[in-house]
Amino acid sequence: MPVQEVTRLPPHSTRAERVLLAGVLKDADEVVPAVARLGFAPDDLFHHAHRLVYATAVDLWNRNRGCGPADVLLDLRRRDEAADLGPQPALWLADVTLTPPWFGGIERWWADGYEVPGVSLFTAAPVAAARLVAWLAKRRAAIHAANEILRDAMDGVIGPDEYGWLAAGEGPLRPRTRAA
């Protein structure tokens, strides 16, 4: 049986990523520490341009520099990375900055005890967005790991010795037997 590659996009939310970036670009002094308390990392973002802007803004903030759209653009140009945002990086950053602070399902990521102490209402949407983006990143990581296991198993790279207890029919995944 041939291995079929998945052609669907992995789980992500462009809208939530843009809400997070807008919060960081507008009010990094409040958003960056709140998101950092969640353990959020730039690699949690799905889109390369979003990872680049977030990492640049946080780096500028950590160095006590301005991290608004103009500051981020200047730093990206200094490092010859502004073209990664597209043909008009200034317009791209302005468009992200104007992203309204809501996205579908925000209630799930903010309500019911998801609040972060000391976070204002203005910061709540970017923090909720960061929670959603991090959760989707974990789903992508699980999908990637499962695909690697499937690929190795189909290619014969993983044999009975590597499966250990699973190959021996022991442990929590014992083969099911029919009742007589």
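Table for the structure above
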| item | result |
| --- | --- |
| Pairs with Cβ under 7 Å, 6+ apart, first in the range 82-103 and within 17 Å of T14 (Cβ to Cβ), second in a loop (DSSP other than H, G, I, E, B) and at pLDDT below 90 | F103/S13 |
| The listed residue being in contact with a Cys (Cβ under 6 Å, 6 or more places away or on another chain), farther than 14 Å from V19 by Cβ and modelled with pLDDT of 90 or more, out of L76, L85, L52, L60 | L60 |
| Criterion: at pLDDT 55 or above, more than 23 Å from D27 (Cα to Cα) and surrounded by 13 or more Cβ atoms within 10 Å (Cβ to Cβ) - qualifying residue of A134, A153, A125 | A153 |
| Index of the failed condition, V72 passing every other in (1) touching a Pro at 6+ places or on another chain (Cβ under 6 Å); (2) closer than 10 Å to L25 by Cβ | (1) |
| Pairs, first at negative phi in the range 140-156, second surrounded by 13 or more Cβ atoms within 10 Å (Cβ to Cβ) and of a type in the set (A, V, I, L, M), C-beta under 6 Å, six or more apart | D152/I158 |
| Any hit, the range 56-66, residues being in contact (Cβ under 8 Å) with a residue 12 or more places away in the chain, under 24 Å from R140 (Cα atoms), loosely packed, with under 14 Cβ neighbours inside 10 Å and of a type outside the set (K, R) | no |
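The values are calculated or read from the model by the stated rules, or taken from the named source; none is laboratory data. Just so it is clear, the structure is predicted and the values come from calculations on it, not from any experiment. Note that we place each Cβ from the backbone using ideal geometry, even for glycine, and neighbour counts take in every protein chain shown.
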